[in-house]
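Read through the structure below, which is laid out as structure tokens, and then see the notes.
The values are calculated or read from the model by the stated rules, or taken from the named source; none is laboratory data. Since this is a predicted model, take the numbers as computed values, not measurements. Backbone-built Cβ (ideal geometry, glycine too); neighbour counts: all protein chains shown. Accessible surface is based on the protein model in full, side chains and every heavy atom, while ligands, DNA and RNA are left aside. Shrake-Rupley method; radii C 1.70, N 1.55, O 1.52, S 1.80 Å.
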Amino acid sequence: MHSPIAIISFPIILLICCGFGRRVLRLLAPEALPGYKGLLFGAAIGLGALSYLIMALGLLRALYWWAALAIVAALAAVSARDIEDLLVSAFSRARSWKISAGALVVAIPLAALGCVALIGALAPPSVNDWDTLAYHFAVPALYIKAHAIHYVPFTSHSNLPFLMEMLYTLGLLMPAAGGIALAKLFHLAVGALTALTIYAIGKKHFSPRAGVVGAVVFTAVPLIAWEATTGYIDLGAAFFITLAVFALLNHRDDGGRWGVLAAVCLGLAAATKTTALAYIPLCGIWLIWNDIRRGRGPTRALSSAAGLCLLALAIASPWYIKSYVYTGNPVYPFLYDTFAGKNWNAHLAEVYRASQMKFGMGASLDSLALAPWNLTMYAGRFFDSDVLFASIGPVFLASLPLLAAVRFGRPKLRAVLLFIAAAGIIWFYMTQQSRYLIPAIAVGAVAVGALVDELGNLRLAKALLFTSIGCAWAWTMIIAGYMAVKAAPGLVNPESYLAETLDIYPACQYINRELPREAGIILIADTRGFYLDRDYFWGDEIHHTLIPYDRFRGAADMVGFLRSKGVTHALVNFGIGPMRAPDPPKSARLVYEAIRQGLFRPEFHSEAARARSVIVFSLQASP
């Protein structure tokens, strides 16, 4: 049980990152050092630097725990003075704090929500952590096994930008420091830092009350509360993009090096998630407007924006260069018509595009106008399934008529609203997954906080807004509390917890304990291979072109091909996906044929109700 160790080790690592980031800030933008700004921008730069250093270890084939520990120690040594300054400042502020009754009203609920999120984050990834088990943790685990970053041919996701995944790699490399729990805490931390960034923006550019309200609104979104307990990456992208917005608002007032910091944050965002690339030109336009407003000519404004875009792309570029080297496509698996790509084809590209476009409620102008209503009332249409935590809550929808009532507020608020609107339109036509909207949700929380000031003496409007915030927080607390209760056993007995909550886990246990080390596993109708310690790959035809299903005349051809590639066993999930489709794909039809012909012989079938649909088969030679 590594959770208590992670609670100790993670703050130390985060403090080192903040200290190193502040050291870089002294050289890059000294104006960003005072107060919360230094902490937030320092944390972003420090986490980004640590991620790239772990990437360097992987490329140098040196992914060992002692090498990772040496990097953390080196960062600590280089930034010792800044770490000391942070600690002294923190203790000084703590001694001078005067907590009012009003502050307690906000602090106690936030602390309660933070505690239940921490329980979920410390529990091992389970049923609500599909992508974590499929690739966010699974691919780093493959890298660690090989002690190197390498081409993983069976999943296109391994060629996406991996800034957050490199931080997860650090955690997974050091089980003695917390292992899986340590890795998950990185995502919880960037979620908390995003809330703190929202507070800092509100306090500096609107009012302290606006900052508090904005932070509460963000944490009261059920989708955010769930994300904070997972090993996903969306909160990382949101943190960096929200910081970029902070930098651009500061640039609007003060000029200076804030444009450079915005570019750095955008580069880190694009190194986290491919869709964050869209925010780079969007922020470039904002910078042009800032410069023209400050009296700089169009030429200089365009030059500044071009510099922002180029610097951001340069910072993100190592991951896109890696993808190009491995696949021939820098944004693999996207833009296949332009770049093509290894182990991919036009059919798979279309299937992948369709899987991204299935979310939402249409792409018409009417659907665009109704998007706030639909996101609020039909959350399941914008998520992988209709679950309680898919909701964005009622606050944003309740705020829209109030914003219109105050004519969209002061110029800064209007700038923020224009940014949100542009980001929302990009999201609407890119893919209507609510997770991908989290950066705009974070900036939207800033706008809601600012709205409180704009409402002035409109008491009824304020009552409506605060009622919606209170309801949202209460609902989120119930959902998060329920998830925490379900996850709590995972802190005490991870094995029993996973066997009880994760359908695939008993099968993984059987494979790890009973099959020889040289066994090769194909996963069919499932992709969650993180808990396997045998060689495996994804077997469904929608993931790659490694298996020529179209050439197989029957199950014997398929089994013969798989056995020739070293596959000895198949883990098949009959409870989801293609195995249950009314018109199953050829891969599923061949699996059923192989079972009928005795070429897939059942070896393990769990008695647990949740796991009965997952079966392990041994592959038999054709008679």
Looking across region 567-577 at residues that are modelled with pLDDT of 95 or more and part of a loop (DSSP other than H, G, I, E, B), the single one that is nearest to the chain's Cα centre (by Cα) is Val567
Search result, residues across region 12-44 that are open to solvent by less than 40 Å² (accessible area, probe 1.4 Å) and not in a helix (DSSP H, G or I) = Ala29, Leu33
Consider only pairs whose beta carbons are under 6 Å apart and that are at least six residues apart or on different chains; among these, list those whose first residue lies in region 17-31 and is basic (Lys, Arg) and whose second residue is in a helix (DSSP H, G or I) and open to solvent by less than 70 Å² (accessible area, probe 1.4 Å).
-> Arg22/Gly38; Arg22/Gly42; Arg22/Asp82; Arg23/Asp82
All-but-one check, Gly393 against (1) open to solvent by less than 40 Å² (accessible area, probe 1.4 Å); (2) assigned to a helix (DSSP H, G or I); (3) at pLDDT below 95, failing number (2)
Are there any helices (runs of 4 or more DSSP H) wholly within region 255-372 with 3 or more residues that are over 23 Å from Tyr151 (Cβ atoms), and if so which?
-> 258-270, 279-293, 298-327, 346-357, 365-369
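When only residues in region 465-506 that are among the hydroxyl-bearing types (Ser, Thr, Tyr) and touching a Pro at 6+ places or on another chain (Cβ under 8 Å) count, which is surrounded by the fewest Cβ atoms within 10 Å (Cβ to Cβ)? I'd like the intermediate steps shown before the answer.
At the first step, the residues of region 465-506 found to be among the hydroxyl-bearing types (Ser, Thr, Tyr) are 467-468, 476, 482, 496-497, 501, 505.
Applying the additional criterion that residues be touching a Pro at 6+ places or on another chain (Cβ under 8 Å) yields 468, 476, 496-497.
Numbers: Ser468: 21, Thr476: 26, Ser496: 11, Tyr497: 20.
The residue in question is Ser496.
Considering every residue within region 404-412, establish whether at least one is surrounded by fewer than 16 Cβ atoms within 10 Å (Cβ to Cβ), under 26 Å from Leu248 (Cα atoms) and small (Gly, Ala, Ser). I'd like the intermediate steps shown before the answer.
Keep residues of region 404-412 that are surrounded by fewer than 16 Cβ atoms within 10 Å (Cβ to Cβ), which gives 404-405, 407, 410-411.
Then keep just the ones that are under 26 Å from Leu248 (Cα atoms); that gives 404, 407, 410-411.
Filter once more, keeping what is small (Gly, Ala, Ser): 404.
Yes; the residues of region 404-412 include at least one that is surrounded by fewer than 16 Cβ atoms within 10 Å (Cβ to Cβ), under 26 Å from Leu248 (Cα atoms) and small (Gly, Ala, Ser).
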Just name the residue that is nearest to Thr501 (Cα to Cα) out of those in region 591-623 that are open to solvent by less than 30 Å² (accessible area, probe 1.4 Å) and among the β-branched types (Val, Ile, Thr).
-> Val614
For region 382-403, how many residues meet the condition of being of a type outside the set (A, V, I, L, M, F, W, C), touching a residue at least 60 places away in the same chain (Cβ under 8 Å) and more than 15 Å from Ala447 (Cα to Cα)?
-> 3
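Tell me, which helices (runs of 4 or more DSSP H) lie completely within region 127-233 with 1 or more residues that are among the basic types (Lys, Arg)?
Working: elements: 138-146, 163-173, 180-205, 208-219, 222-227.
Here the list reads 138-146, 180-205, 208-219.
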Given the conditions (1) assigned to a helix (DSSP H, G or I); (2) at pLDDT below 85; (3) more than 26 Å from the chain's Cα centre (by Cα), report the number of the one that Leu86 does not fulfil.
-> (2)
Taking Gly449 and the conditions (1) open to solvent by 30 Å² or more (accessible area, probe 1.4 Å); (2) in contact with a helix residue (DSSP H, G or I) (Cβ under 8 Å, 6 or more places away or on another chain); (3) closer than 29 Å to Asp253 by Cα, which numbered condition does it fall short on, given that it satisfies the others?
-> (1)
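For residues that are of a type in the set (Ser, Thr, Tyr), closer than 21 Å to Gln356 by Cα and over 20 Å from the mean Cα position of the chain (by Cα), tally how many sit in region 372-430. Steps first, answer last, please.
Initial filter on region 372-430 (of a type in the set (Ser, Thr, Tyr)): 376, 378, 385, 391, 399, 429.
With closer than 21 Å to Gln356 by Cα added as a condition, the list becomes 376, 378, 385, 391, 429.
So of that shortlist, the ones also over 20 Å from the mean Cα position of the chain (by Cα) come out as 376, 378, 429.
So the answer is 3.
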Trp65 meets each of (1) at pLDDT 90 or above; (2) in contact with a helix residue (DSSP H, G or I) (Cβ under 9 Å, 6 or more places away or on another chain); (3) open to solvent by 60 Å² or more (accessible area, probe 1.4 Å); (4) farther than 21 Å from Leu167 by Cα with one exception, condition (4)
